[in-house]
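These notes concern the structure reproduced below.
Where a number appears in this text, it was derived from the coordinates with a stated rule and is not lab data. Predicted model, so just to flag it, every value in this text is computed and none were measured. Here the Cβ is made from the backbone with ideal geometry for all residues, glycine too, and neighbour counts use every protein chain on show.
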Ligand SMILES: [Zn+2]
């Protein structure tokens, strides 16, 4: 099924490989054409890892040396596919893009309750029409496409599902104990003792309270009176649900807290995931990409900051022979490193002085 995409990638790359494009030109093609070619497939089907690896490696090879069999990959792939303000080049790994686009279906399920496709899904999987989020399917005879789309809902650590929160409206679609509608992901887990003495263990919010004159009044029945030491816990519990019940919408709805506006956008998800782990917040990245210089100069700076420009020293480290020695060709006194070439060399200083009139 993915072979046409692989073929399309290869044919595009062959068409471009003969052309003398700068790295900035190649980056532009990667962003505008290569990463967009498989959008239809990525938005519908989960891409196998082998295909993602192949496509990502074709992109990396095109970036670093389309006309060479084994180009030097100057920067690691994981550092390329980050937002520009965190040291990357601002495009995303296709595997991540794939997941981000598939998540959109779960979001659309919630915001398009009257659409035909949702009605078909509801009928096929016997979902309640009031559902805000489709329930994960484990039946292996069900559609693999839909099962793959719902995968994040089975993983509580996933950044898509863990940021899905419910906004209370009429309380008919949100599960009181289990859904993420208060400041805690689940009341059942945050208040296990209250849950254990509650008479009703299931049901939507409207089963536990009602809206009276614009304010929620709760009727949570307990199977015994509270012990003294449980009273504070109970008041915490009531404060928590009261705080969540402050805002009223017409119907219950969904909010994705991974973005500031509350709506799910695949790009916001990609940025959120790309920021995981050791985030490089060095302010220099923002300075580089200010459009103060042509794109190819910006990319040169981006590489120079990371000591990844073609100096004799760096080429020697990568086993490029035939350079004789790694001395700076201008002063022939010091090793040609990025720092030396751009800042320390006496000849470079003369250029800077002339240019800056100092
Ligand atoms: Zn020098």
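With the gyration tensor restricted to C-alpha atoms of region 35-152, the semi-axes of the equivalent ellipsoid amount to 36, 15, 11 Å, longest first.
Hey, what's the per residue convex hull volume over the C-alpha atoms of region 1-84, in cubic angstrom?
On the way: hull volume 9.1 nm³, N = 84.
Here the figure is 108 Å³ per residue.
With 20 Å bins beginning at zero, the pair-distance distribution over Cα atoms of the chain amounts to 22, 41, 25, 11, 1 %.
If neighbour count is taken as other Cβ atoms inside 10 Å, put 182, 225 in order from fewest to most. Don't jump to the answer; show the numbers that get you there.
Working: 182 22, 225 7.
Ordered by Cβ neighbours within 10 Å, fewest first: 225, 182.
Between residue 296 and residue 155, how high is the FRET efficiency from 1/(1 + (r/R0)^6) when r is the Cβ-Cβ distance and R₀ = 41 Å? Nearest 0.05. The partial results should precede the final answer.
On the way: r = 41 Å, r/R0 = 1.01.
Efficiency for this residue pair is about 0.50.
Label zone (residue 347, point 7 Å along Cα-to-C-beta; backbone nitrogen cut-off 13 Å) within region 287-316: 312.
With runs of 4+ DSSP H residues as the only contributors, calculate the mean residue ellipticity of the chain at 222 nm using -39,500 (n - 2.57) per run, divided by the residue total and rounded to the nearest 500. Don't jump to the answer; show the numbers that get you there.
Values: 16 runs with 146 residues, N = 358.
Calculated at 222 nm, the ellipticity per residue is -11500 deg cm²/dmol.
Shape analysis of region 216-358 based on the Cα gyration tensor places the equivalent ellipsoid semi-axes at 63, 19, 15 Å, largest first.
Inter-part distance, region 3-43 to region 208-234, computed on C-alpha centroids, equals 59 Å.
Comparing 165, 204, 331 in a Gaussian network model of the chain (Cα springs below 10 Å), the most mobile by mean-square fluctuation is 331. Of the residues 269, 125, 180, the one with the fewest other Cβ atoms within 10 Å heads the list, and the complete ranking is 125, 180, 269.
Cβ crowding within 10 Å ranks 228, 179, 236 as 228, 236, 179, fewest other Cβ atoms first.
Once you reduce region 293-322 and region 255-288 to the center of their Cα atoms, the two points are 28 Å from each other. Region 84-127 and region 161-195 have Cα centres spaced 22 Å apart. With q set to 0.16 Å⁻¹, the log10 of I(q)/I(0) for region 90-191, from the Debye formula over equal scatterers at the Cα positions, is -0.79.
Extending 7 Å from Cα along the Cβ direction at residue 129 and again at residue 215 yields two label points whose distance is 3.5 nm.
Principal semi-axes of the equivalent ellipsoid, √(5λ) from the alpha carbon gyration tensor of region 284-356, are 24, 17, 9 Å from largest down.
Starting from the exponent 0.38 and prefactor 2.2 Å, build the expected Rg for region 52-103 from its residue count and divide its actual Cα Rg by it.
Values: Rg = 11.9 Å, N = 52, 2.2 N^0.38 = 9.9 Å.
That works out to 1.20 for region 52-103.
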